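First the structure, in the form of structure tokens, and then the observations on it.
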Amino acid sequence: GLKCSTLLINEVDEEGNSVELGGEFILQPNDHFNNLSVNLNLSVVQVPTNMYNKDSAIVNGVFWSEALNKVFVDNFERDPSLIWQYFGSAKGFFRQYPGIKWKPDEHGVIAFDCRNRKWYIQAATSPKDVVILVDVSGSMKGLRLTIARQTVSSILDTLGDDDFFNIIAYNEELHYVEPCLNGTLVQADVTNKDHFREHLDKLFAQGIGMLDIALTEAFNLLSDFNETGRGSECSQAIMLVTDGAVDTYDAIFAKYNWPERKVRIFPYLIGRESAFAENLKWMACANKGYFTQISTLADVQENVMEYLHVLSRPKVIDREHDTVWTEAYIDSTLEDGQGPVLMTTVAMPVFSTKNETRNRGILLGVVGTDVPVSELLKTIPKYKLGIHGYAFAITNNGYILTHPDLRPLVSITCRFPECDPCYHKNAF
């Protein structure tokens, strides 16, 4: 079972006994980790507060991933320059080495979910172009529209800098959530995602939902954008957030998507009614997608995450263990005497290749480690640069990874738990 939760280690009850899922865990200050109290022999497991930490899938995953302890320790012994090493599970738990005690926020919550982190998203899926269709017909009034907004926001959380997207609300007419960006897709960077989130609050429900018009627009948008060569030029998907569909729209799919089925359809049925579920299920199956029903706000995150498994299948089947590098960020838990340390994360997907599914394998999660940018600089052949020369590096998305003049532009306020290795990405 789950022996130790990173939030509860060394916690005792009124009688002095270890609390359940707690237990004694030796923590000692360590110079290499900026005198943070760590355990170099064991990793710890963190489960987001909104998840049940005794769920069988999580308990089983924690059990088999204990084998990583030896791997982490061996890696650190072989390369003492390593800092945090970790495994983010597709089930939501996060195993981190060295072991450290996490601290919740003022509400007693740890909202950190490894699956929403850039390193996880980039490693788990191929780049993708996504059109999100949101039903704003009259039947979506009230709680359904609230759940729909949260669903769209959670989908945005799963998109990263390699992805492109747009959001279209529909009833009798089409309403681009950001009218200035109609007819195109935008890069899913933090600025664009936050901008679209602000516009989601302006949606209101009225009228009749004309899904055929919305699907036609989405297919044309994906096709036109792909032809420009500006998109991800990889996976394409339509996310359909609605409380029902009165038809299966075969004619539209036959015209735009069959037989190649290049665009996957992911319907999210909002609400408890299941009268129209069969039509939406059929759309998903006929277009290589996945159907989920979201009845309450609490259901949103786990159901949204399901589509990542589907989009990762081509990688699983082709055994593509692509290594990804994130842009530079600051880890304020570690300082080198000259201020916070600039870091990058290197990550790789982990697949099960057992015959567990007819699709030959599933995504188990993503493994990663943090690399100080200073370590990368050591590999630069300085003798080739010349007396006034310098080296710099940029990521595939144009973010500066290292440059002699790279400096934080903002004062940094910590929003994360003390030991979160993913501090302040986008702090530049």
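So the values come out like this:
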| read-out | value |
| --- | --- |
| Subset of the range 141-164 (residues that are open to solvent by less than 20 Å² (accessible area, probe 1.4 Å) and closer than 26 Å to TRP325 by Cβ) | SER154, ILE155, LEU156, THR158, LEU159, GLY160, ASP161, ASP163 |
| Close pairs (6 angstrom Cβ cut-off, 6 or more residues apart or separate chains): farther than 17 Å from HIS107 by Cβ and assigned by the TED database to the domain that holds LYS91 in the range 43-58, in a loop (DSSP other than H, G, I, E, B) and of a type in the set (Ser, Thr, Tyr) anywhere | VAL44/THR6 |
| Sole residue being of a type in the set (D, E, K, R), under 24 Å from ILE265 (Cα atoms) and open to solvent by 30 Å² or more (accessible area, probe 1.4 Å), chosen from GLU217, GLU178, GLU198 | GLU217 |
| Residue that is nearest to the chain's Cα centre (by Cα), among those in the range 66-97 that are closer than 22 Å to LEU376 by Cα, assigned to a loop (DSSP other than H, G, I, E, B) and not small (Gly, Ala, Ser) | TRP84 |
| Conditions (1) more than 25 Å from ILE208 (Cβ to Cβ); (2) β-branched (Val, Ile, Thr); (3) open to solvent by 80 Å² or more (accessible area, probe 1.4 Å): number failed by VAL246 | (1) |
| Answer residue from the range 358-398, given it is open to solvent by 50 Å² or more (accessible area, probe 1.4 Å) and polar (S, T, N, Q) and is modelled with the lowest pLDDT among those | ASN396 |
| Number of positions in the range 119-148 that are more than 20 Å from GLU306 (Cβ to Cβ), part of a loop (DSSP other than H, G, I, E, B) and not aliphatic (A, V, I, L, M) | 3 |
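The values are calculated or read from the model by the stated rules, or taken from the named source; none is laboratory data. Worth saying up front: this structure is predicted, and the values here are computed from it rather than measured. Here the Cβ is made from the backbone with ideal geometry for all residues, glycine too, and neighbour counts use every protein chain on show. What goes into the accessible areas is simple: the full protein's heavy atoms, side chains included, and nothing from ligands, DNA or RNA. Shrake-Rupley method; radii C 1.70, N 1.55, O 1.52, S 1.80 Å.
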